[in-house]
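Okay, structure first, notes after.
The values are calculated or read from the model by the stated rules, or taken from the named source; none is laboratory data. Note that the structure is predicted; figures quoted are calculated from it, not measured. Cβ atoms come from the backbone with ideal geometry, glycine included; neighbour counts cover every protein chain shown.
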Amino acid sequence: MTATHSLAAEELTLAYGERLVIEGLDLVVPAGSITAIVGANACGKSTLLRSMSRLLSPRAGRVLLDGKAVHRMPAKELARTLGLLPQSPIAPEGITVADLVGRGRHPYQGVFSRWSREDDAAVAAALEATQTTTLADRAVDELSGGQRQRVWIAMALAQQTDLLLLDEPTTFLDVAHQVEVLDLLTDLNRTRGTTIVMVLHDLNLAARYADHLVALAAGQIHAAGTPAQVLTEDCVRAVFGLDSRVIEDPTSGAPLMLPLGRHHVDTPAEVSPRG
Amino acid sequence: MTSVDSVPTPGAALVRRPGSVRFLWLLAVVAALGLLMAASVAIGSRGVGWSDILAALGGSSETIEEAAVTKRIPRTVLAVVVGGALGLAGAVMQGVTRNPLADPGVLGINMGASLAVVAGIAWFGLFSATSIIVTAIFGAALAAVFVYAVGSLGRGGPTPLKLALAGAATSAALTSFITAIVLPRGDIAANVQSFQVGGVGGATFATITPVLPFLAVGLVISLLSARSLNSLALGDELAAGLGERVALARGVAALGSVLLCGAATAVAGPIWFVGLVVPHLCRLLVGVDHRWLLPFSALTGACLLVASDVIGRIVARPGELDVGIVTALVGAPFFIAVVRRQKVREL
């Protein structure tokens, strides 16, 4: 249904001032699939995502969208192909759901152009896909955390991009709402072929929902591949400095990571089949 | 991605904004402005009748009453123009900085314009209207950049309170500078008095006309920034993700507002709080969409300044209070109320 776009990073080096965060990183995002980026705090996950959506210019290297450097593309042209939902977007006080979702149409509007039928249709479709149509007239301030996150995703959908980058879309949500948001993103991926790249904190949800898992450690890719290839006990030890057991999730078949702390563990550090 | 059929998509009706409500408010504000302008021409320290007003509007100024009305007409026009400029500039500044406390007065921008003009008159013998306007805009821009830079220092960048504090401190310092320049210069004291306290008294069409082109440019730039401000309101990151060139958009909108308040200050002196109060009121009426908020703020700013000017003439009969004093009396409690509201959140 959608054109497939290739997104890749080439020898990407990112820095805040003097501090190097990512150094010489190569990454290919598989088109039409869900990629999750995982890693310890401050390993550069969000920085990488910010750079892929050109919020941060690379110190060296390039981010390529269909072979073109994103940092050289016209801003609105890029915004029609690649959408971004940052970790903490701001909802203006008193804004309604429909109004907020409508702002996703920004890349399609010039200074003088008027709100069009396509804009209406895109917003309506985005509300419907996220089941927020009945909330359209409500103020965003009044919504619950889960509803609000659905509304932000609706805004990103109204942007109608084939690629969608999300920075920790499940933060601050309870487990039911986390699953709801990830289910919604999976629906988008399956029905529209939207390529999704997201930073996730929860390894097990990442392993279950991602087709492609990227583990980042100290500004480098430690491992990338299917969740079964990436989420191993060695990987968890290297990336998080944590001993763990990895078993097969009986509900999905994906790898499931069980952390081994210092307490409440009967058989610490036992060798497991996936080690 | 989504097909657009000739059949309206279900839910599309919900998407349409309640434009009719906003349109009614628009009519109401325009009507209020008309009434206030009429009141401004009719009310003053000297009572006049309708025949005097009609005669004066026709260009006659033979009787004392007609002459009084003749003087009130340009004054009313100036109040409309300056009030509109300040209301709009305030709305743009609040959008650019996402700061509910932003106001050309609070941020020290009007005092920057005033100081530049006073210094220009005292030291360089500025005289022509255009040179004073350009100097005022230059001073406003310098003050804006300075206050934004100081308010951005330290953790968390330009938070609302830090920016307001930087502006207030800068204002206080600039006011002292103005006093220091004017005190030893009895020869120019009368010329620069209007740059210490803002007012619209003594306006003539000859003083108003030169400022109009500058205000017109500022108005156009500001109104064209409405869409950018809408995306900036969602945070810089999301705005950039929506294809906005954040720094450019912010710079252009800031330029528009600096033109407006610099030019307004050049012709009416520093006036506080119009740009603070008006956008907050307008948000209650028409919501947070800048495409509506900006023109509304201009109209409501005009209403507020004309009303303040009329009040200044009534309460201090037979003299009159400068409109800058009246807006400060109204605006200062409002400022405190905004600060005290549960938390000063970013817009």
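Quick notes on this one:
- Selection of helices (runs of 4 or more DSSP H) fully inside the stretch A:1-110 by the criterion of at least 3 residues being hydrophobic (A, V, I, L, M, F, W, C) and either more than 14 Å from chain B (Cβ to nearest Cβ) or farther than 26 Å from A:His222 by Cα (or both) returns A:75-79, A:97-102.
- Listed conditions (1) within 14 Å of chain A (Cβ to nearest Cβ); (2) surrounded by fewer than 24 Cβ atoms within 10 Å (Cβ to Cβ) are all met by B:Leu255, apart from (1).
- So B:Val147, is it under 16 Å from the mean Cα position of the chain (by Cα) and of a type in the set (A, V, I, L, M): no
- Scanning the stretch A:143-161 for residues that are more than 10 Å from chain B (Cβ to nearest Cβ) and either under 13 Å from A:Thr96 (Cβ atoms) or not in a loop (DSSP other than H, G, I, E, B) (or both) gives A:Leu143, A:Gly145, A:Gly146, A:Gln147, A:Arg148, A:Gln149, A:Arg150, A:Val151, A:Ile153, A:Ala154.
- Counted residues, the stretch A:128-137 - those being part of a helix (DSSP H, G or I) and either more than 10 Å from chain B (Cβ to nearest Cβ) or among the hydrophobic types (A, V, I, L, M, F, W, C) (or both): 2
- Hey, B:Ser176 among the polar types (S, T, N, Q), out of contact with any helix residue (DSSP H, G or I) (no Cβ under 8 Å at 6 or more places or on another chain) and closer than 25 Å to B:Gly108 by Cβ or not: yes
- Selection count, the stretch B:269-305, where residues are closer than 26 Å to B:Gly120 by Cβ, part of a helix (DSSP H, G or I) and of a type in the set (Phe, Trp, Tyr): 0
- Filtered residue count, the stretch B:170-185, keeping only those that are free of Cβ contacts under 8 Å to residues at least 24 places away in the same chain and either among the hydrophobic types (A, V, I, L, M, F, W, C) or farther than 23 Å from B:Ala266 by Cβ (or both): 5
- In the stretch A:111-124, the residues that are under 27 Å from A:Arg50 (Cα atoms) and at the interface with chain B (Cβ under 7 Å from one of its Cβ atoms): A:Val111, A:Ala122, A:Val123
- Here A:Val140 passes the criteria (1) more than 9 Å from chain B (Cβ to nearest Cβ); (2) surrounded by 24 or more Cβ atoms within 10 Å (Cβ to Cβ); (3) within 30 Å of B:Leu284 (Cβ to Cβ); (4) among the β-branched types (Val, Ile, Thr) except the one numbered (2).
- Selection of first residues in the stretch B:34-63 that are at negative phi and of second residues that are assigned to a loop (DSSP other than H, G, I, E, B) and surrounded by fewer than 19 Cβ atoms within 10 Å (Cβ to Cβ), restricted to Cβ pairs under 6 Å at least 6 apart or on distinct chains, gives the following pairs, ordered by first then second residue: B:Ser45/B:Arg317; B:Ser45/B:Pro318.
- Considered as a group, the residues in the stretch A:174-188 that are surrounded by fewer than 18 Cβ atoms within 10 Å (Cβ to Cβ) and either in contact (Cβ under 8 Å) with a residue 40 or more places away in the chain or assigned to a loop (DSSP other than H, G, I, E, B) (or both) include one that is farthest from the chain's Cα centre (by Cα), and that residue is A:Asp174.
- Pick from the stretch B:222-242, criterion at the interface with chain A (Cβ under 7 Å from one of its Cβ atoms) and crowded, with 24+ Cβ neighbours inside 10 Å, ranking: farthest from the chain's Cα centre (by Cα): B:Gly241
- Scanning the stretch B:69-76 turns up no residue that is in contact with a Pro (Cβ under 6 Å, 6 or more places away or on another chain), assigned to a helix (DSSP H, G or I) and closer than 30 Å to B:Ala337 by Cα.
- Residue within the stretch B:149-167 that is farther than 28 Å from B:Ala337 by Cβ, surrounded by fewer than 18 Cβ atoms within 10 Å (Cβ to Cβ) and without any contact (Cβ under 8 Å) to a residue 60 or more places away in the chain present: yes
- Looking across the stretch B:111-133, the residues that are in contact (Cβ under 8 Å) with a residue 60 or more places away in the chain and either surrounded by fewer than 20 Cβ atoms within 10 Å (Cβ to Cβ) or of a type in the set (Phe, Trp, Tyr) (or both) come down to B:Ala119, B:Ala122, B:Ala129, B:Thr130.
- B:Ala266 being buried (at least 24 other Cβ atoms within 10 Å of the Cβ) and assigned to a helix (DSSP H, G or I): yes
- B:Val246 falls short on exactly one of the conditions (1) in contact with an Asp or Glu (Cβ under 9 Å, 6 or more places away or on another chain); (2) crowded, with 22+ Cβ neighbours inside 10 Å; (3) under 30 Å from A:Ile153 (Cα atoms), and that condition is (2).
- Of the residues making up the stretch A:54-101, those that are in contact with a Gly (Cβ under 8 Å, 6 or more places away or on another chain), modelled with pLDDT of 90 or more and of a type in the set (S, T, N, Q) number 1.
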